[in-house]
Amino acid sequence: MPKQMPDKPTLDGLEASWDAVWEEKGTYRFDATATRDNVYSIDTPPPTVSGSLHVGHMFSYTHTDTIARFQRMTGKAVFYPMGWDDNGLPTERRVQNYYSVAGDASMPYDPAWKPKFRGDVPKDAQREMISRRNFIELCQELTVEDEKAFEHLWRTLGLSVDWSQTYATIDDRSQRVSQKAFLHMVAAGKAYQLEAPTLWDIDFQTAVAQAELEDRELPGAYHRIAFHRTDGQGDVFIETTRPELLPACVALVAHPDDERYKPLFGTTVRTPLFNVEVPVKAHPLAQPDKGSGIAMICTFGDTTDVIWWRELQLPTRAIIGRNGRIVADAPEGVAPQPYARLVGKTSKQAQTETVIMLTESGELIGEPKKITHPVKHFEKGDRPLEIVTSRQWYVRTIENKERLIELGRTVTWHPDYMRLRFENWVDGLNGDWGISRQRFFGVSFPVWYPLNADGETDYNNPIYADEASLPIDPASATPPGFTEAQRGVPGGFVADPDVMDTWATSSVTPQIAGRWTEEGSDLFDRIFPMDLRPQGHDIIRTWLFTTMVKSHAEFNVAPWKNASLSGWILDPDRKKMGKSKGNAVTPIDNLQEFGSDAVRYWAASARPGVDTAFDTGQMKIGRKLAIKLMNASKFVLGITGGAPADLAAVTHPVDQAILFRASALISETTAAFNDYDYARALERTETFFWNFCDDYVELVKNRAYDNEGIDPVGSASARSALAQVLSTLQRLLAPFMPFVTDEV
RNA sequence: GGGCGGUUAGCUCAGUUGGUAGAGCACCGCCUUCACACGGCGGGGGUCGCUGGUUCGAGUCCAGUAUCGCCCACCA
């Protein structure tokens, strides 16, 4: 029903009132009967609900929303779901602290169990061990509150999401889809398990994937150490930053063309202190200009060690345990006396002790030379990664590099150069994708292993769950053909204790949102491959890449037609916001201060992919624009009485000219939107709007009023043109400022 | 070492077939006249990183270079 035109239009309160209207009318509901060619589907990024809200969220989600609103206005049925990423380490850590619990994958589910504490954990409380399923239930309980806060923010911001299409990455639907996709890959030979050296976080005690690594500059020192030639011809000097790995040394290596070391190839040397005979080998990866040009190979100091160990077929002498401490038993052949002095120590402590021993024995040459060097870390971890041998699940990527790049080229990238980041990442992969994690809050592998008569696990004959039984937790469910009483006993079975990496779940968001293979649902066929994947450019190597891998494995097509990459929000010091402490702004405050349309204006002013400074000045401009639109509309509607435009009445050349320009603007902005350049569409519309107000309106004002009644034809012409252009402007601005345009 | 992006007014940025440099903010000045003081109008301010080339004409195209940032590789 028409509202009374206010004397003084205001932006205040529009968010709440229009959100209620949109919800009540189901304005943004997906039409599930629409056919694929009339659907526009969006693979919305599920935000990490255990993280805090920040302005970066509003920024990138606004970009997507302008596209969604544009597509809806072209007549498409827009599939715009929302997911919550509650799966993974951040949630797990919060749950541990909030309820004072820890997960134990071997414990059975106890449906009656309740937590003793909720946030009010006494300092001396002992963490209670609970089953994985109980742990997951706590995670779900705790994240519900966060999800509410996010939904409130999104609604206030005016995201035209269909709120009946939501999911959480740990809910049953996500688990079923993740497990099913996994079983398909196993059946097709695209996923496999392998016991191999793995990058390992000693604090979280889990494997870590290549995509989760980050380098940090740490102080270190080159230690020059003497190895003794077994032919009695003197010593060979190596330089190492990790002398504590001496007992793990399995060979020395130099470049095949290095004249200094050529005579040594094929001979052996003895390690200092530990007195192990190791060969001297040649390998092209050895760099003559690094250190002394000859390096010790340890199992394992870094990823190059792994390559040498594999390619030169060297033995294994592992000394670092999964907790990062030196293991109790010395590898075979290692002198026990000096080794005993290292047992139980951390790498750092062991290094100090080794240096003392080497100094005592005279085998450390000179003072260690201090350096700083990059050291690999888990991006969420504190201490450097170690490499330990462990059994993990992998998805084949290396053999599919070419095909993945090819599929990447079937996607239209916005901006286009982001495609190269994807291709560079794929091109640079040096191992398959490790998807198993030794954690609790994640999707479990639907797998058990038989135990032989001696109670040993038979990893070669895994028992896979039936697809019909998914989702399942093997720690609680019993494999086909067994009874629960056989769990953990010889001749029985054990569950796979691991969970999937968080990316192994979020990499199937199109399948989750689209209810893939869900009984009674044909949604997936209507939305897949999806039209758009919007996301930040920082997670091309994770989310975008892994989604491509899964889509390739299951469907052999790219999961979307377009990928649009949003930039970062930078604080005024050009630092990434939210990373450094104290500069994070609460988004809801911005929305209240400037109005959602103004914040959306700021976000939409940034060109696709461009890192953008947080700028309240730009929000002020947006607010000004929204107010101007109100006032201009008040003027036009006041003069026309809200009557629709009669284009036949537009006879005056000035009026025809403005319609002509408006028409050109529609073409230009439509083209920009079709090219995902929302910023251009906004900028052109804004420029036109200000010219319209400043020039055209002032020019025709008196003729439109026609207070004297001397030119009714000219007046009608102006009124119709005003009404028509105002209507055009409302629609062109609607994707950016939905609250004020709907109000008008 | 490889790849990518930026470099235009004090600040944040736009500038799409090459055709006499733009916006907002900030600064200064004017205006409460019937859409707009949560405002309007006007003003000052730029050798478009640098060098060379193509062209009648280059912020725009080409080559080179400097510099900042991001990603990757290296990690003895």
Excluding ligands, DNA and RNA, what is the solvent-accessible area per residue of region A:356-467 at a probe of 1.4 Å, expressed in Å²? 49
Using a basic spin-label model with each label point 7 Å from the Cα along Cα→Cβ, how many nm lie between A:Asp203 and A:Ala188? 3.8
log10 I(q)/I(0), Debye, Cα-only chain A, no solvent, q = 0.06, 0.09, 0.11 Å⁻¹? -0.49, -0.93, -1.21
Which pairs in the list A:Lys281/A:Lys401; A:Lys348/A:Lys370; A:Lys290/A:Lys380 are over 23 Å apart, alpha-carbon to alpha-carbon? A:Lys281/A:Lys401; A:Lys290/A:Lys380
On full extension of the chain, what length is gained from A:Asn424 through A:Lys116, given 0.36 nm per residue of separation minus the C-alpha to C-alpha distance? 105.9 nm
At A:Ser106 and A:Ala643, where each label point lies 7 Å from the Cα along Cα→Cβ, what is the point-to-point distance in nanometres? 8.6
Relative contact order of chain A, please, whole-number percent, based on alpha carbon pairs below 8 angstrom and at least 6 residues apart. 16
Modelled FRET efficiency - R0 22 Å, A:Asp382 with A:Thr316, Cβ distances, 0.05 increments: 0.20
Rounded to two decimals, what is the ratio between the C-alpha radius of gyration of region A:229-378 and 2.2 N^0.38 Å? 1.00
Convex hull of region A:94-135 built on C-alpha atoms - directionally averaged projected area, nm²: 2.8
Would you kindly calculate the mean projected area, averaged across all directions, of the convex hull enclosing the Cα atoms of region A:96-202, in square nanometres? 11.4
Of the beta bridges DSSP finds with both residues in region A:436-568, what % are antiparallel, to the nearest 5? 55
Taking only the alpha carbons of region A:610-744, the radius of gyration and the largest Cα-Cα distance, Dmax, both in angstrom, are 15.8, 56
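May I ask what percent, to the nearest 5, of DSSP beta bridges between residues of chain A are antiparallel?
65
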Cα-Cα separations in region A:620-679 greater than 17 Å, expressed as whole percent: 64
Quick check: from the Cα gyration tensor, does region A:671-735 come out rounded (a/c under 1.5), prolate or oblate? prolate
Over all Cα pairs of region A:216-314, how is the pair count split among 5 Å bins, expressed in % and running from 0 up to the last occupied bin? 2, 14, 26, 28, 20, 7, 2, 1, 0
Counting each DSSP H run of 4 or more residues in chain A as -39500 (n - 2.57), what helix-only mean residue ellipticity at 222 nm follows after dividing by all residues, to the nearest 500 deg cm²/dmol? -11500 deg cm²/dmol
Keeping the other protein chains in place, figure out the carbon and sulfur percent of the accessible area of region A:690-744, with a 1.4 Å probe. 48
Amide H of A:Phe274: which non-local residues (sequence gap of 5 or more, or other chain) have their own amide H closer than 5 Å, using H built in the peptide plane? none
If the chain between A:Arg391 and A:Asn323 were fully stretched, how many nm would it gain, using 0.36 nm times the residue separation less the Cα-Cα distance? 22.9 nm
Please report the relative contact order for region A:300-377, taking Cα pairs under 8 Å with a sequence separation of at least 6, and give it as a percent rounded to a whole number. 18
On each of the three principal axes of the Cα atoms of region A:290-363, give max minus min coordinate, whole Å, ordered largest first. 32, 29, 23
Distance histogram in 5 Å bins (all Cα pairs of region A:1-156, percent per bin): 1, 7, 12, 14, 13, 12, 10, 10, 8, 6, 3, 2, 1, 0
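What does the charge add up to near A:Ala553, with Lys and Arg as +1, Asp and Glu as -1, over the other residues with Cβ less than 10 Å from its Cβ?
Charge balance near A:Ala553 sits at +2.
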Give me the net charge for the shell around A:Trp163: Cβ to Cβ below 14 angstrom, other residues only, Lys and Arg +1, Asp and Glu -1. -3
Using the Kirkwood radius over C-alpha pairs as Rh, can you work out the diffusion coefficient of region A:316-398 via Stokes-Einstein at 4 °C, viscosity 1.567 mPa s, in µm² per second? 84
Value of D in µm² per second that Stokes-Einstein yields for region A:331-459, Kirkwood Rh from Cα pairs, at 10 °C (1.306 mPa s): 77
In nm, to one decimal, how far is the modelled label at A:Glu456 from the one at A:Arg29, with both set 7 Å along Cα→Cβ? 6.2
Per 5 Å bin, what percent of the C-alpha pairs of region A:441-535 does each bin hold, from zero upward? 2, 12, 18, 18, 14, 12, 10, 7, 5, 3, 1
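Tell me, what % of the accessible area of region A:228-338 is carbon and sulfur with a 1.4 angstrom probe? List each step's numbers first, then the result.
Working: 2380 of 5030 Å².
Exposed carbon and sulfur together represent 47 percent of the surface.
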Carbon plus sulfur, as percent of the 1.4 Å-probe accessible area of region A:340-386, comes to 53
Taking a probe of 1.4 Å and leaving out DNA, RNA and ligands, region A:1-118 shows per residue an accessible area in Å² of 47
Can you give the Rg to Rh ratio for region A:374-431, taking only C-alpha atoms and Rh from Kirkwood? 1.09
Output for region A:164-283 (equivalent-ellipsoid semi-axes, sqrt of 5λ from the C-alpha gyration tensor, Å, descending) is 47, 19, 13
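The values are calculated or read from the model by the stated rules, or taken from the named source; none is laboratory data. Here the structure is a predicted model, which means the values were calculated and not measured. With ideal geometry, Cβ positions are generated from the backbone for all residues, glycine too; neighbour counts draw on all protein chains shown. Areas reflect the complete protein model, heavy atoms only, side chains present, ligands, DNA and RNA absent. Shrake-Rupley method; radii C 1.70, N 1.55, O 1.52, S 1.80 Å.
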